[in-house]
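Below is one structure, written out as structure tokens; comments come after it.
The values are calculated or read from the model by the stated rules, or taken from the named source; none is laboratory data. All figures in this text were calculated on a predicted structure; none of them were measured in a lab. Cβ sites come from the backbone with ideal geometry, for glycine too, and all protein chains shown count toward neighbours.
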Amino acid sequence: MSLKIIKLLEKKDNYKYYKNIIAYAIGDASEKWQEKLFQILINQSDEAIFLSNLKILSIALWRNENLILKIKDGNAKKIIDSLKNDLEEKIKDGLKTEQSRIIISRHLELILALLRKRSIENKILLPRSNDTKWIIDKLDEIEKIIKNNNYLLISYLEFNLDNKKKDAKVPDIIYVLRQYLTGNDDSNTIKISGIDFKDE
């Protein structure tokens, strides 16, 4: 079984068609074959495949919260840079397709997962960092597009929020990610109440 999963990664299209299977197979990456699978994903040199891998990572990192500890700081930076490039492209296109909005949701979920690596030592996504400021600006742009076009931005993650403090038209994932990125005190009251990995 483990060999079959790894062989799936030999074909480019398999990253897209079997992303849930691959993400579930990674688990906590405690087995050698799971670790190999995980390393193949995060060290992929082909940019197009790497972007597909980010969707897999978004699922895998939320299925097992300790998996984030296996991502080295350099890999985290590579992931953030790829996310930024694709966010820029999707925003320029106006999020016109449902698929582009699904991808945006997966990207934002992945950024939220990466925040678990945030520390003074590695400076990953610190509140005043350039990456964080850039992402917050893009969240504002995404929110504007969503509101102006009455689009839906649906996340795998379900949050327990105080809706009195939140504009009902702001997607939960945007609101939550903004609170955490800025280090807002309200982020301490936000709880993830569920995770629902539906097939897209």
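Quick one: which residue in Lys70, Lys12, Lys32 is surrounded by fewer than 16 Cβ atoms within 10 Å (Cβ to Cβ) and modelled with pLDDT of 90 or more?
Lys32
In this structure, does Glu65 turn out to be farther than 22 Å from Lys133 by Cα, more than 17 Å from the chain's Cα centre (by Cα) and at pLDDT below 95?
no
Return the residues of region 156-173 that are touching a Lys or Arg at 6+ places or on another chain (Cβ under 9 Å) and not in a helix (DSSP H, G or I); say none if nothing qualifies.
Selection gives Tyr156, Phe159, Asn160, Leu161, Asp167, Lys169, Val170.
Assess whether Ser52 counts as being among the polar types (S, T, N, Q), part of a helix (DSSP H, G or I) and in the same structural domain as Leu115 (by TED's automatic domain parsing).
no
Of the residues in region 95-122, how many are surrounded by 13 or more Cβ atoms within 10 Å (Cβ to Cβ) and farther than 21 Å from Asn20 by Cβ?
Final tally of qualifying residues: 6.
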